[in-house]
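Shown next, in structure tokens, is the structure this report addresses.
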Amino acid sequence: MRGVTLIQPNRLVFGNGCAMQFGEYFATLGLRRVFVVTAPPILPVIDPLIDGLRKQALSLTVHDRVSVEPTVEMFNDALRAAQAAKADAVVGIGGGSALDVAKLVAALKSGKQDIYEVFGIGKLSERETFLACFPTTSGTGSEVSPNAIFHDEAEQIKKGVVSPYLVPDAAYVDPMLTVTVPPSITASTGIDALTHCIEVYANRVAHPLIDLYALEGIRLIGANLRRAFENGQDVDARANLALGSLYGGLGLGPVNTAAVHALAYPLGGRFHVAHGVSNALLLPYVMEFNIAEAPDRYANIALALGAERAGSDFETARKGLEKIRHLLRDCGLPTRLSELGVPREVIDSMAEAAMTVTRLLNNNLREVTLGDAKRIYEEAY
């Protein structure tokens, strides 16, 4: 059995209302200048947290300009602001976009490297600045992952920075920060988290240590996403979603995702489709492509989703695929590329772009050729 390294934040806190515990902890660190990365829509929700931090810090700067999935220029804007503030602590509060920007701001604030030098795996040399993350959606798992994803405007594709230095020093996962998330975002981020868990489990480099997190994440999200979508004030459903998302995030470092994410990247990079929506659309088509390669794995996924065991692993796995399709429909998520206004004639170029995401395609249980990528897009059209 191969070895895996599971790197977690030094301080990982989970539970309703736990975000308000951070101020007391922060006071023990001796840090004075805080730079907060967030987004305008959630400012009213996080006011108490910001006020608590303001009481502990000599200065506090709120950078609330990460309202969409981050571009390189958006990141550089935040980086310049953090450097001007002379921040010795960076706090990310928000969805995956805000957290990814915060993570890389903390890592590159010293100015020793720029973002283009660190795209890829293991290219980041250090992080000198304290980093804490507070997710306000249950989706990316960024608060515990070594990944940060950005849209490269020049190449019209998403690119990742992967480094243990991006794992925060502290992560506070407070389900109460997610109760005001609108249904559409609850759905898309929840499917993103579910996709993490499914791809981490059905993966060429899957590992028993991470399988435990992945299967429990699938169970929690599968049983609670519809509830949270229908009633955002369902605190139990929100807590279970947040925990499932956290479990998915913990698998991104040791294992990472595969073909769903690779094929989703061109949709986000070229057509600015939200990351969770891209994953939701492609998930059933990639699952169908993969099932025959590992029916036992996909049968276990089906059982975790609540499907009943059928006569064979393959038949059971198919029941899981139907569970996914029903969940997507119930949550109002698109199931066809044509619904997103993507023209059919770009399928070839999207497939070519997806084939460059080898760090994820190499994880897929079944080899994906250029022809396969084109066929998956065609089936999804």
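The values are calculated or read from the model by the stated rules, or taken from the named source; none is laboratory data. Keep in mind that what you see is a predicted model, and the values were worked out from it rather than measured. Positions of Cβ are generated from backbone atoms using ideal geometry, with glycine treated the same way; all protein chains shown enter the neighbour counts.
Give the number of residues within region 168-185 that are buried (at least 24 other Cβ atoms within 10 Å of the Cβ), hydrophobic (A, V, I, L, M, F, W, C) and under 28 Å from GLY122 (Cβ atoms).
Result for region 168-185: 2.
Scan region 308-328 residue by residue and report those that are crowded, with 20+ Cβ neighbours inside 10 Å, among the aliphatic types (A, V, I, L, M) and more than 24 Å from the chain's Cα centre (by Cα).
ALA317
Criterion first (closer than 22 Å to LEU220 by Cα and at pLDDT 95 or above) does LEU360 satisfy it?
Considered against the rule, which asks whether it is closer than 22 Å to LEU220 by Cα and at pLDDT 95 or above, LEU360 comes out as no.
Mind checking which residues of region 119-132 are buried (at least 16 other Cβ atoms within 10 Å of the Cβ) and out of contact with any Ser or Thr (no Cβ under 7 Å at 6 or more places or on another chain)?
Residues satisfying the conditions are PHE119, ARG127, THR129, PHE130, LEU131, ALA132.
Here are THR356, THR369, THR335: which of them is assigned by TED's automatic domain parsing to the domain that holds LYS323, on the phi < 0 side of the Ramachandran plot and in contact with a strand residue (DSSP E or B) (Cβ under 9 Å, 6 or more places away or on another chain)?
THR356
Any residue at all in region 326-347 that is within 25 Å of VAL205 (Cβ to Cβ), of a type outside the set (Gly, Ala, Ser) and part of a loop (DSSP other than H, G, I, E, B)?
No, region 326-347 contains no residue that is within 25 Å of VAL205 (Cβ to Cβ), of a type outside the set (Gly, Ala, Ser) and part of a loop (DSSP other than H, G, I, E, B).
Can you tell me how many residues within region 224-267 are in contact with a Lys or Arg (Cβ under 6 Å, 6 or more places away or on another chain) and at pLDDT 95 or above?
Of the residues in that region, 3 qualify.
Please work out which residue is surrounded by the fewest Cβ atoms within 10 Å (Cβ to Cβ), limiting yourself to region 344-381 and to residues that are hydrophobic (A, V, I, L, M, F, W, C) and farther than 17 Å from TYR285 by Cα.
The extreme case among them is VAL346.
For LEU53, which of the numbered conditions (1) of a type outside the set (Ser, Thr, Tyr); (2) surrounded by 16 or more Cβ atoms within 10 Å (Cβ to Cβ); (3) under 17 Å from GLU143 (Cα atoms) fails to hold?
All conditions pass for LEU53, except number (3).
So how many residues does region 186-206 have that are crowded, with 19+ Cβ neighbours inside 10 Å and either assigned by TED's automatic domain parsing to the domain that holds ILE46 or not aliphatic (A, V, I, L, M) (or both)?
Of region 186-206, the ones crowded, with 19+ Cβ neighbours inside 10 Å are 186-203, 206.
Then drop every residue that is not either assigned by TED's automatic domain parsing to the domain that holds ILE46 or not aliphatic (A, V, I, L, M) (or both), which leaves 186, 188-190, 192, 195-197, 199, 201, 203.
Residues flagged as crowded, with 19+ Cβ neighbours inside 10 Å and either assigned by TED's automatic domain parsing to the domain that holds ILE46 or not aliphatic (A, V, I, L, M) (or both) within region 186-206 amount to 11.
Taking TYR265 as the residue in question, decide whether it is buried (at least 20 other Cβ atoms within 10 Å of the Cβ), among the aromatic types (Phe, Trp, Tyr) and closer than 22 Å to TYR381 by Cβ.
yes
What single numbered condition from (1) at pLDDT 95 or above; (2) exposed (fewer than 13 other Cβ atoms within 10 Å of the Cβ) fails to hold for GLY341?
With respect to (1) at pLDDT 95 or above; (2) exposed (fewer than 13 other Cβ atoms within 10 Å of the Cβ), GLY341 is out only on (1).
Just for helices (runs of 4 or more DSSP H) wholly inside region 1-118: which have at least 2 residues that are over 25 Å from LEU177 (Cα atoms) and either free of Cβ contacts under 8 Å to residues at least 40 places away in the same chain or not hydroxyl-bearing (Ser, Thr, Tyr) (or both)?
72-84, 96-108, 115-118
Anything in region 53-74 that is in contact with a Phe, Trp or Tyr (Cβ under 7 Å, 6 or more places away or on another chain) and modelled with pLDDT under 95? List them, or say none.
Those that are in contact with a Phe, Trp or Tyr (Cβ under 7 Å, 6 or more places away or on another chain) and modelled with pLDDT under 95: LEU53, GLN56, PRO70, THR71, VAL72.
So how many residues does region 173-185 have that are over 19 Å from PHE14 (Cβ atoms) and in a helix (DSSP H, G or I)?
3
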